[in-house]
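Each reported figure results from applying straightforward, stated rules to the coordinates on display, with no laboratory input. From a predicted model like this one, the values you see are computed outputs, not experimental measurements. Note: ideal-geometry Cβ built from the backbone for every residue, glycine included; neighbour counts use all protein chains shown.
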C-alpha cells in the first residue's frame with residue numbers, strides 16, 4: 001500500500017540556543033493513504049470556502065474569529081479514524097546531551113526525525129515523505145535520512161523524502177496545527193478560555209482523554225516522549 005507522510009517541527013531552537021523558548025522540541029508527522037490525499041485537500045478547501053479562511057493554516061494563527069474553522073479542521077482529522085493518523089516526538093532539552101551528536105544540533109535534529117518516522121514504517125508498504133523546507137548547513141541531511149530509513153526497513157520502500165514550502169502544502173499546514181495542539185499540552189503553554197483551548201478541547205473530547213505522552217501502540221494521535229536517559 002502507498003502512504004504519504006507530511007511533517008513539521010516546533011521549537012527547533014531547543015537544539016541550537018542556550019535559552020530556548022520551550023522545554024520540548026516537537027517534530028510532527030501526518031500519515032495517510034496516498035489515495036485519500038486529494039479527497040482530504042478538497043474537504044479542507046470546502047472548509048476554507050465556508051469560513052472564508054484563505055491564509056496559511058497554522059497553530060499560531062488560531063484566534064477567536066477563526067476558532068470555528070480550526071475546530072472543524074479537528075473534526076475533519078477525527079472523521080477519518082485510523083485512515084488519518086498523527087505522530088509526534090517530544091525531546092526534553094533538560095535530558096539532551098549534544099555530545100552524543102558530535103555537538104551538532106542539526107545532526108541531532110535529524111536523528112530525532114529518524115526516530116519519529118522509523119517506528120511507523122511498516123513492512124511491504126511504500127512511503128513518500130514531505131518535510132517543511134528547512135535551511136540546513138549540511139545539504140545531505142535528507143538524502144542521509146532517506147538512506148537510513150531504507151536500510152532499516154528493508155521490506156518497505158522509502159520512495160522519497162522531499163522538503164517543500166509549507167505555505168504551498170495544505171497537509172503540512174494541517175500537521176502544523178496538530179503539532180501545535182500537542183505542543184501546547186506537552187510544553188504547558190495553553191491558557192484556559194482561549195480559542196486555542198477550544199481547539200485542544202475538541203480533540204481531547206473526540207479522543208476521550210487529555211493529551212499526554214502515549215503508549216507506542218496508540219495509532220490515531222501518538223505523542224512519543226523519548227527517554228534520553230534510558231529506563232523502562
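Each of 79, 156 has some number of other Cβ atoms within 10 Å of its Cβ, and from fewest to most they run 79, 156. Determine the shape class of segment 1-61: with a ≥ b ≥ c the square roots of the Cα gyration tensor eigenvalues, call it rounded for a/c under 1.5, and otherwise prolate if a/b is greater than b/c, oblate otherwise. Judged from the Cα gyration tensor, segment 1-61 comes out oblate (a/c at least 1.5, b/c at or above a/b). Each residue in 232, 54, 59 was given a count of other beta-carbon atoms within 10 angstrom of its own, and listing them fewest first yields 232, 54, 59. Protection proxy ranking of 133-139, 44-50, by the mean of other Cβ atoms within 10 Å over each peptide's residues and highest first, is 44-50, 133-139.
What FRET efficiency would be calculated for the residue pair residue 212, residue 119, taking the C-beta separation as r and a Förster radius of 30 Å, to the nearest 0.05?
0.95
Shape class of segment 2-225 from the Cα gyration tensor (axes a ≥ b ≥ c, square roots of the eigenvalues): oblate, since a/c reaches 1.5 or more and a/b does not exceed b/c.
Summarising the strand pairing of the chain, around 45 percent of its internal DSSP beta bridges are antiparallel.
Quick check: Cα centre of segment 207-232 to Cα centre of segment 1-72, how many Å? Going from one Cα centre to the other spans 20 Å. Divide by every residue of the chain the summed helix terms, -39500 (n - 2.57) for each DSSP H run of at least 4, and state the resulting mean residue ellipticity at 222 nm, rounded to the nearest 500 deg cm²/dmol. So the helix-based figure for the chain works out to -11500 deg cm²/dmol.
Apply 1/(1 + (r/R0)^6) to the Cβ-Cβ distance of residue 229 and residue 18, taking R0 = 30 Å, and write down the FRET efficiency to the nearest 0.05. Using R0 = 30 Å, I get an efficiency of 0.90. Cα centroid distance between segment 114-157 and segment 88-107, in Å? That distance is 19 Å. Overall form of segment 76-134: prolate. Here a/c, set by the Cα gyration tensor axes a ≥ b ≥ c, is 1.5 or more, and a/b is the larger of a/b and b/c. Measuring nothing but how far apart in sequence close Cα pairs (under 8 Å, 6+ apart) lie, relative to its length, segment 2-225 scores a relative contact order of 31 percent.
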